[in-house]
């Protein structure tokens with residue numbers, strides 16, 4: 001089960017989400033799946049920003065602080081839910097195979 005362990009801003013252009021699973025930092029494939037779902041939600045809701053892995057179990061959102069809203073944080077939690085329980089979240093997971101390959105690349 002993946003969980004958010006912390007959220008912090010890395011300067012004015014990047015927000016970082018520390019993700020863990022089973023007492024360890026999330027593995028890179030797990031973070032990439034979260035990034036893919038979160039990016040899909042950004043597109044569907046016509047929001048700015050780019051989600052990418054920042055390494056070490058960290059997901060990064062590239063978007064200026066002035067343009068970020070509470071909705072961006074909510075997207076991360078929704079993406080975590082989709083990774084943790086794909087059957088419960090078919091709206092997101094049914095399109096997983098169609099996610100563009102660039103989603104989830106390094107920050």
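Nothing in this text is a laboratory measurement; each read-out follows from the coordinates by a stated rule. In this text, all values refer to a predicted model and were calculated from it rather than measured experimentally. Every residue, glycine among them, receives a Cβ derived from its backbone with ideal geometry; neighbour counts consider all protein chains shown.
General remarks:
- Remark: spin-label model distance residue 64-residue 27 equals 3.9 nm, labels positioned 7 Å along the Cα→Cβ axis.
- Extension gain, residue 87-residue 9: 0.36 nm per intervening residue step, less the Cα-Cα distance, totals 24.9 nm.
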